[in-house]
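A short worksheet on the structure shown next.
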Amino acid sequence: MEPVGIMEIAECNADIVTNRFVCISERVKNRIDFSAAMDITPFVFEDIAKEIENITHGLSGAAFALVFANRSEWDDIEKTLSDLRNERLYSTCVLVGSEDDIVDEADLGGILHYAASRINAREYDFLVKKGFAVLDEQHRAARDRAEYNALLLDMKQDQEDLINIGRSLSIEKDSDKLLRLILLLGKKITGADAGSIYIVEEKDDGAKHLRFKYSHTFSKNLPYEEFVLPIDANSIAGYVAMTGKVLNIPDVYELSDGDPVSFNSTFDSAHNYRSRSMLVVPMKNNVDEIIGVIQLINSKEDTSENSRIRGNEAFEITLATTEDFNVKVVPFAARYESLLEAVAGQAAIALENNRMMKQIQFQFEEFVRASVSAIESRDPATSGHSFRVAEICKQLAYAVNSETEGEYETVNFSETAIKELEYAALLHDFGKVYIDLAVFQKAKKLFPKELDNLMLKMDYLYRCTELEYNAKEIALLKKSRNGANVPALTGGLEAERKRLLDAIMDIKKELRALNEPTATDADPLKVLDGVISKLPAVSCLLPDGNAIDVISESERRNLEIRRGSLNSQERKIIESHVVHTYNFVSRIPWPPEFRNIPEIAAKHHEKLDGSGYPGRLHGENDIPIQARMMAIADIFDALSASDRPYKKSLPIEKTLAILQDEAKQRKLDQKLVDLFIRYRIYEKTDKNSLKGENTAT
Ligand SMILES: [Fe+2]
Ligand SMILES: [Fe+2]
């Protein structure tokens, strides 16, 4: 079918080129006077629907079709048009009919006008103008709708991003990672290519400065280094930190002398980058203090045909060429100002939370350390033990982490787990605070006063013996008046007296020797019996007339101690420090990641063979690895520390030999003892800075 007329393309409005068609059905062409049509020349087709499909196929931009047809063919045309209808095809119809045509209400939407009679040239001209005005309006409305929809989707995405940002920020505990995350999220949500983050720091004198902490550029791998800058108007970030104002600069190279800030292009020149748009917002904490600044550079959009990328997706656009910087970098949309402020607000809270958490942790740790120092200062000999045990435990944990084969290959202590072990070690002997210091400081089998008392009794016995023999001598002298051979008698007496007094002096020495805790092969019970058997049977009365108990039951019990200086009762008291530690440490409301502290601390004296205390626990299932590590650290420090009240510190070879021996007897964990020696952990604690330990390990 030959078209009658030509197609004309006209501009609909300034930014969209539209294709306008007037299509007239063959069946109604004789009823229209389009001879005077001026703006748009019509097509005349027999099969309008088919022809419209042909014409619009392959066109770019929107297409407007105004159809003149009769009622009988309209249904088919309408169906084809609606099948073709998309964002780009807009159509309406002028029905040219007779008095008999019936038009349903449902069809009215697609019909512009109904002409029951012939359409003259003026009417035709009016209908064409009216038709395209209506289509233009529809097109504009559709475009607005699409714009609003896109904006709505962007805002919905922003909202979801904000929620996710809040969640991500609240989870991250590492400050450096948190800063990187804040910057990444800020850039993503605004489609920015580059960004930097600054933190306000307070110096000791109270003065504040801004520290450039972190920077990242998506399109280029640009280096950065931390530096500080003053909070003043000499830099854009300094100005925002000073004023708390949001700066949204369309092009930093367009800043004039009248603007409050200026741009330093040194970095751009050095790295062949072109900063253009910039959005800078302050990070304010919950009390409105500025704690940092987020600076974003180059908001990106790709508005080229078929690639409309903006908002979050635009983050992925790479700026490589000068053309890219000119075309794809746009000013930051105004809505990003409040959006980035919201991100900055969440970031500030996250940073503040992080700072407060760290401060609380620091305060708590210092409190624990101060408490441990206070307890250890009760006895100078104990100072530093808990700190050294904590340090050894940490080093042992790092050694376990370093293992790439063997039993502990798969065991890995996280930083949190190591902190848990450190706290447990610092507090492992905290229970000593509940125990009489004298028991801990008991260096000999008898307390010093007990020994003094015993020696006094021996001196008293000495005097009593002297007295008794003096009395005997006097009695003999009295006898001499009766002619007895006194010199001979007194000579015998004198010899006996001397023997007894010498024996008492020997006994004193032997008792002093017995009082020493040094382990010997000799059975102290037999030695003591021997000593007692040598005691002179002299009358030694107290002022109240009762005989003196030269070596009391209590003194005997202590002097009979076979190993060390503690009797069984005192040993139980010392051992009870673990229970006191557990009871005390359990009362601290530890966070979940530190929940094992009471158990670890309470088991530091348990031995794998069940010979430990207080639970006489057996094997690795009952004694956690941390407690097994602490047992090694504890024994090592107890043996190697100097200033112990009852024995000198042992040389390192001897100490390691004892640890090995304990491991062989399956008291200590053999693998851990091997690690302790192989990694030379005994060299990694500074014993000189911290002094010795006491009897309880
Ligand atoms: Fe202990
Ligand atoms: Fe200890």
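The values are calculated or read from the model by the stated rules, or taken from the named source; none is laboratory data. This structure is a prediction, so every number in the text was calculated from the model and none was measured. A quick note on method: Cβ atoms are made from the backbone with ideal geometry, for glycine too, and the neighbour counts reach across all protein chains shown.
General observations
- Within this structure, residue 544 passes the test of being over 30 Å from residue 379 (Cα atoms) and outside the structural domain of residue 381 (by TED's automatic domain parsing).
- Members of region 92-148 that are under 14 Å from residue 74 (Cα atoms), in contact (Cβ under 8 Å) with a residue 12 or more places away in the chain and charged (D, E, K, R): 101, 107
- Residue list for region 603-626, restricted to those being part of a helix (DSSP H, G or I) and free of Cβ contacts under 8 Å to residues at least 40 places away in the same chain: 619, 621, 622
- Close Cβ contacts (under 9 Å, 6 or more residues apart or on different chains) running from residues in region 374-396 that are over 26 Å from residue 413 (Cβ atoms) and away from ligand 1 (no atom under 13 Å from the Cβ) to residues that are basic (Lys, Arg) and in a helix (DSSP H, G or I) comprise 378/432; 379/432.
- Any chance residue 44 is of a type in the set (A, V, I, L, M, F, W, C), at pLDDT 75 or above and more than 60 Å from the chain's Cα centre (by Cα): no
- Sole exception among (1) assigned to a helix (DSSP H, G or I); (2) of a type in the set (S, T, N, Q); (3) assigned by TED's automatic domain parsing to the domain that holds residue 296 for residue 164, by number: (3)
- Neighbours by Cβ (under 8 Å, 6+ apart or cross-chain): first from region 47-73, at positive phi and surrounded by fewer than 19 Cβ atoms within 10 Å (Cβ to Cβ); second modelled with pLDDT of 75 or more and of a type in the set (S, T, N, Q): 61/19
- Residue in region 182-194 that is more than 20 Å from residue 316 (Cα to Cα) and either modelled with pLDDT under 85 or not in a loop (DSSP other than H, G, I, E, B) (or both) present: no
- Candidate set from region 589-607 (those that are closer than 17 Å to residue 621 by Cβ and away from ligand 2 (no atom under 14 Å from the Cβ)); member that is surrounded by the most Cβ atoms within 10 Å (Cβ to Cβ): 607
- Within region 608-644, the set of residues being within 16 Å of ligand 2 (Cβ to nearest atom) and of a type in the set (Ser, Thr, Tyr) comprises 613, 640, 642.
- Flag if residue 390 is in a helix (DSSP H, G or I), surrounded by 19 or more Cβ atoms within 10 Å (Cβ to Cβ) and among the hydrophobic types (A, V, I, L, M, F, W, C): yes
This table checks each residue for (1) within 16 Å of ligand 2 (Cβ to nearest atom); (2) among the small types (Gly, Ala, Ser); (3) at pLDDT 85 or above; (4) assigned to a helix (DSSP H, G or I).
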position	(1), (2), (3), (4)
491	no, yes, no, yes
498	no, no, yes, yes
525	no, no, no, yes
528	no, no, no, yes
535	no, no, no, no
539	no, yes, no, no
557	no, no, yes, yes
576	yes, yes, yes, yes
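- Within region 422-453, restricting attention to residues that are within 16 Å of ligand 2 (Cβ to nearest atom) and not in a helix (DSSP H, G or I), the residue that is surrounded by the most Cβ atoms within 10 Å (Cβ to Cβ) is 428.
- Residue within region 344-363 that is more than 32 Å from the chain's Cα centre (by Cα) and more than 16 Å from ligand 2 (Cβ to nearest atom) present: no
- Every residue from region 584-602 that is closer than 12 Å to residue 625 by Cα and either more than 16 Å from ligand 1 (Cβ to nearest atom) or not in a helix (DSSP H, G or I) (or both): 596
- From the list 472, 419, the lone residue that is away from ligand 1 (no atom under 16 Å from the Cβ), assigned to a helix (DSSP H, G or I) and not assigned by TED's automatic domain parsing to the domain that holds residue 384 is 472.
Residue by residue, here is whether (1) farther than 25 Å from residue 327 by Cβ; (2) assigned to a loop (DSSP other than H, G, I, E, B); (3) among the aliphatic types (A, V, I, L, M); (4) free of Cβ contacts under 8 Å to residues at least 60 places away in the same chain holds:
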{"site": "177", "(1), (2), (3), (4)": "yes, no, no, yes"}
{"site": "198", "(1), (2), (3), (4)": "yes, no, no, no"}
{"site": "210", "(1), (2), (3), (4)": "yes, no, yes, no"}
{"site": "215", "(1), (2), (3), (4)": "no, no, no, yes"}
{"site": "258", "(1), (2), (3), (4)": "yes, yes, no, yes"}
{"site": "268", "(1), (2), (3), (4)": "no, no, no, yes"}
{"site": "274", "(1), (2), (3), (4)": "no, yes, no, yes"}
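- Filter result (closer than 20 Å to residue 225 by Cβ and of a type in the set (A, V, I, L, M, F, W, C)) within region 264-279: 267, 270
- Any hit, region 118-137, residues being surrounded by fewer than 16 Cβ atoms within 10 Å (Cβ to Cβ), not aromatic (Phe, Trp, Tyr) and not in a helix (DSSP H, G or I): yes
- All positions within region 328-344 that are part of a helix (DSSP H, G or I) and in contact with a strand residue (DSSP E or B) (Cβ under 8 Å, 6 or more places away or on another chain): 334, 336, 337, 340, 341, 343, 344
- Extreme residue, modelled with the highest pLDDT, among residues of region 140-170 that are small (Gly, Ala, Ser) and closer than 24 Å to residue 89 by Cβ: 141
- Residues located in region 170-193, provided they are surrounded by 23 or more Cβ atoms within 10 Å (Cβ to Cβ) and over 16 Å from residue 345 (Cα atoms): 191, 192, 193
- Scoring residue 70 on the criteria (1) farther than 18 Å from residue 30 by Cβ; (2) at pLDDT 75 or above leaves a single failure, condition (1).
- From the options 633, 627, 663, residue that is under 15 Å from residue 582 (Cα atoms) and at pLDDT 95 or above: 627
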